[in-house]
Amino acid sequence: MGYFDSFADFVRMGNHGIFVWSVYAITVLTILGHWLGLRLQRRRVINELQRLKKRGHL
Amino acid sequence: MALSLTPVWRWFHRWTSPPNFYRISRPWAHGLMAVGGTALFVAWIWGLVFAPEDYLQGNSYRIIFVHVPSASASLALYLTMAITAVISLVWKIKLADMVIRQCIPVGLTLTALALISGAIWGRPTWGVYWIWDARLTSMLLQLFLFIGMWAIHTAIDQQKLADRATAILVLVGFVNLPIIKWSVDWWNTMHQPATIRITGETTMVWEMLAPLLLSMAATYCVVAALVLYRTRWEILYRERKTRWVQDELGIRGKA
């Protein structure tokens, strides 16, 4: 498998697996967090507009 | 002089008008995200699976494909924010304030990611997660600058004042940027100096350098896309009382 002899070797990363994989996991979580952040921004605008509409400000 | 600049000035104002920027930024945001996301995926597979291991550090060096792109992008983003802050303070362009506001969370997470990935890399390499070295300390200061910008913008209720205070903080914190960049050359740091050099020799084999450069380019694209997406929502929020935004979202009053 690429540079590694086996999948187990790839996961182990020569005893550095925990360091390498935790960094990549945190990065994936960060990207997911930003995706969620964009959804929240969208919600904020729509909620605010609906609130204005309900109060008859639009 | 002023007269000859008028067409350029008018064009600049029209181009940076929120509705126009909202319209033209859409394909850019989608395009950059598609290209950046794909390239990042390829770069990670390349770096994690195919690149050889380092003869000194073993496999822990594979953290570089996250660490260097996020650190580098955070500095580039700060530079962009500083230029935008000057535009905001000198020419009072509304769009500039919106861009700065939305760069904050992106810069904050990039800086945090660089610090965290660096700390995790430090443990197997230096034997410690953290050391008060010039590079690490100045980078931590950048994290606090981003937190400070966020706090200031949130704490001040009046929009214009909040934007202005944030832009000023961006410029004050700008002195930290060259310190981060050249700390490894100015002081004897535990952190190694730059491996990739635009002038001078790059001390890295091609098999490692290629996925690193790809992951850097990909990160820049994703970050640019993220700032564009965030700015687009910021535009809709700040202009929510205008007709075009209400039409855009299909939420309208009784007319």
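Each reported figure results from applying straightforward, stated rules to the coordinates on display, with no laboratory input. Worth saying up front: this structure is predicted, and the values here are computed from it rather than measured. Virtual Cβ from ideal backbone geometry, glycine too; neighbours counted across all protein chains shown.
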(message) Can you give me the Kirkwood hydrodynamic radius for chain A, using every pair of distinct Cα atoms, in Å to one decimal?
(response) 15.0 Å
(request) Return B:35, A:23, B:8, B:227 ranked ascending by Cβ neighbour count within 10 Å, so the fewest neighbours appear first. (result) B:8, B:35, B:227, A:23
(message) From the gyration tensor of the Cα coordinates in chain B, what semi-axes in whole Å does the equivalent ellipsoid have, largest first, with each one equal to sqrt(5λ)?
(response) 37, 22, 18
(request) Determine ³J(HN,Hα), in whole Hz, for all residues of region B:152-166 in sequence, where each value follows from phi through the Karplus function 6.51 cos²θ - 1.76 cosθ + 1.60 and θ = phi - 60°; x replaces Gly and Pro. (result) 4, 5, 6, 6, 8, 6, 6, 3, 4, 5, 4, 4, 5, 4, 5
(message) Only four residue types carry charge here, +1 at the Cβ of Lys and Arg and -1 at the Cβ of Asp and Glu. Report the dipole size of region B:18-103 about the Cα centre in Debye, rounded to the nearest 20.
(response) 540 debye
(message) With a cap of 14 neighbouring Cβ atoms within 10 Å, and only residues DSSP puts in a loop, list the chymotrypsin sites (Phe, Trp or Tyr not before Pro) found in region B:1-72.
(response) B:55
(request) Write out the trypsin sites (Lys or Arg not before Pro) in region B:185-242 meeting two conditions: DSSP loop, and at most 12 other Cβ atoms within 10 Å of their Cβ. (result) B:197, B:241
(request) Note down the relative contact order for chain B as a percent, whole number, built from C-alpha pairs under 8 angstrom at least six residues apart. (result) 32 percent
(request) With θ set to phi - 60°, apply the Karplus curve 6.51 cos²θ - 1.76 cosθ + 1.60 along region A:12-20 and write out the HN-Hα couplings as whole Hz, x wherever there is a Gly or Pro. (result) 6, 6, x, 6, 9, x, 4, 6, 4
(request) For region B:44-61, just list the computed ³J(HN,Hα) in residue order, Karplus coefficients 6.51, -1.76 and 1.60, θ = phi - 60°, integers in Hz, with x standing in for Gly and Pro. (result) 5, 4, 4, x, 7, 9, 9, 5, x, 7, 7, 5, 9, 8, x, 8, 4, 5
(request) Could you give the spread of the C-alpha atoms of region B:73-113 along their three principal axes, from largest to smallest, in whole angstroms? (result) 33, 15, 9
(message) How shielded is B:99-106 by partner chains, expressed as the average number of their Cβ atoms within 10 Å of its Cβ atoms?
(response) 1
(message) What would the Debye equation give as log₁₀ I(q)/I(0) for region B:87-196 at q = 0.13, 0.15, 0.23 Å⁻¹, counting only Cα atoms as equal point scatterers?
(response) -0.57, -0.71, -1.21
